[in-house]
Amino acid sequence: MSDEFLKGVFPEGDFDFRGADFTDFGTHELDLIYVRTGGAEGIFRSLLPEMLARGTERYYLLTSGKSNSLAASLEILSYLRQQGLKGEVLHGSPAYLQARVRALETVAEARKKLHGARIGVIGQPSDWLIASQADPMAIMDKWGARLLEIPMEELLQEIAKAPKDSAPADEPMADKVRRAYPGATQIYHALKALVDRYELSAFTLRCFDLLTTVGNTGCLALASFNADGIPASCEGDVPALLSMMAAQALTGCTGFQANPSRIDAESGEMLFAHCTVPFNLVGDWQYDTHFESGIGVGIHGEMPEGPVTVFKLSGKLDRHFAAEGELLYNQYEDNLCRTQVVLRLKPEDARYFLTNPIGNHHIILPGHCKALLEELL
């Protein structure tokens with residue numbers, strides 16, 4: 001059997017052609033079925049029970065424009081749909097197929113990263129997040145991930161014995177912030193102990209409780225964890241955390257969890273703000289106080305201008321919002337959370353926030369990645 005078509009799609013030979021051998025189908029990051037000719041329909045039907053036994057959920061049929069390859073693939077896909085199974089025919093120019101296969105491979109890798117994730121919920125969601133609950137069974141069913149409830153008292157015990165780091169001598173910051181810096185790093189070390197103990201892939205923190213219990217904030221710690229590739233959300237917001245996990249699995253970046261603070265529904269301009277931002281998302285940052293309390297260590301960072309995607313998942317993983325836009329500029333006003341960015345979305349996307357939002361927190365990602373996010377979902 002010739003594989004010249006495959007070499008045209010994968011010019012660097014980045015594929016493993018198995019011919020008619022399906023013995024390890026479903027064990028790779030991405031398995032494609034090359035339907036070379038018409039008449040393959042019956043062969044596929046005979047092999048389907050074997051593939052189903054391995055738990056294969058999606059079937060990607062790669063086709064050429066010769067030998068009734070496309071016609072056979074359409075028949076196979078129709079049969080899959082009749083059986084209640086998912087599939088897609090991959091057909092088009094080599095450039096289109098290369099891009100599509102790369103996207104599918106990225107999504108397959110992301111699903112693998114999310115499967116089996118251990119998600120820590122440290123303390124309960126903040127009292128004001130009345131619409132931002134999560135469904136543990138849906139998360140297990142759709143992602144194979146598990147929520148682990150960790151009492152706030154356990155974190156407080158770790159903070160009491162965690163080490164403190166001194167504020168960097170060469171880092172400009174107000175005296176009030178400099179005095180709070182060691183306590184903020186103590187929170188980071190305590191959270192790191194919990195991440196290691198429970199083998200957490202990600203976590204969310206009921207951070208406002210720290211204001212009264214230890215007189216400090218988790219903003220510095222969360223900025224560090226997110227920059228290190230461990231998604232960490234504020235205020236015990238699990239849906240926001242799930243959104244950050246999906247973003248991290250797909251793009252390698254957790255994104256900026258923020259509140260919409262102002263919306264111009266006519267122009268699509270929006271102001272988002274929050275007191276922490278991943279250090280790897282900003283070109284420059286300064287340490288500040290936490291806005292609502294005026295204590296602790298918050299992060300005033302500046303994100304690069306340019307393309308962005310705004311994203312949010314529901315707590316049941318049954319609904320999402322994704323919109324592409326542009327980050328116009330960074331700003332600073334002392335009556336808002338410390339990192340403040342102004343975006344422009346399409347007016348209809350901006351109006352979503354005023355008519356049917358998924359909670360208040362949304363995730364801002366660099367670049368345009370709506371198609372990848374929706375492929376995952």
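A short reminder: the numbers here are calculations on the coordinates, not readings from a lab. None of the values given here were measured: they were computed from a predicted structure. A quick note on method: Cβ atoms are made from the backbone with ideal geometry, for glycine too, and the neighbour counts reach across all protein chains shown.
What the phi angles of segment 285-297 give under the Karplus curve with 6.51, -1.76 and 1.60, with θ = phi - 60°, is a coupling list of 8, 10, 8, 9, 7, 6, 4, 4, 9, x, 10, x, 10 Hz, glycine and proline written as x. State the answer as a single residue: which of Gly120, Met245, Ala184 lies farthest towards the positive end of the charge dipole of segment 118-376, with beta carbon charges of +1 for Lys and Arg and -1 for Asp and Glu, about the Cα centre. The residue sitting most towards the positive pole is Gly120. Once amide H atoms are built 1.01 Å from N in the peptide plane, which residues 5 or more positions from Gly298, or in another chain, come under 5 Å H to H? Amide H neighbours of Gly298: Asp288, Thr289, His290.
The mean of 1/r over all pairs of different alpha-carbon atoms in segment 265-342, once inverted, gives a Kirkwood hydrodynamic radius of 13.8 Å. Measuring against 18 Å, Cα to Cα, the residue pairs Lys7/Lys112; Lys112/Lys370; Lys312/Lys370; Lys7/Lys66 contain Lys7/Lys112; Lys112/Lys370 as the ones spanning a longer distance. As a length-normalised measure over Cα pairs under 8 Å and 6 or more apart, the relative contact order of segment 118-376 settles at 20 percent. How many angstrom separate the Cα center of segment 222-286 from the Cα center of segment 22-79? What the calculation gives is 40 Å, centre to centre.
When all alpha carbon pairs of the chain are counted in 10 Å bins from zero, the resulting P(r) reads 5, 22, 27, 21, 14, 9, 3, 0 %.
Here the Gaussian network model covers the chain, with springs between Cα atoms less than 10 Å apart; of Asp196, Asp21, Asp284, Asp21 fluctuates the most.
In loop segments of segment 1-101 as defined by DSSP, the chymotrypsin sites (Phe, Trp or Tyr not before Pro) with at most 13 further C-beta atoms inside 10 Å of their C-beta are Phe17.
In segment 152-264, the inverse of the mean reciprocal separation of distinct Cα atoms equals 14.9 Å; this is its Kirkwood hydrodynamic radius. Note on the chain: GNM, Cα springs under 10 Å; of Leu52, Leu220, Leu343, the largest mean-square fluctuation is that of Leu52. Given springs between every Cα pair under 10 Å in a Gaussian network model of the chain, which of Leu210, Leu48, Leu114 has the largest fluctuation? Checking each option, the largest mean-square fluctuation is seen for Leu48. A cut-off of 5 Å between modelled amide H atoms, ignoring neighbours fewer than 5 places along the same chain, links Gly236 with Ser126, Leu205, Arg206, Cys207.
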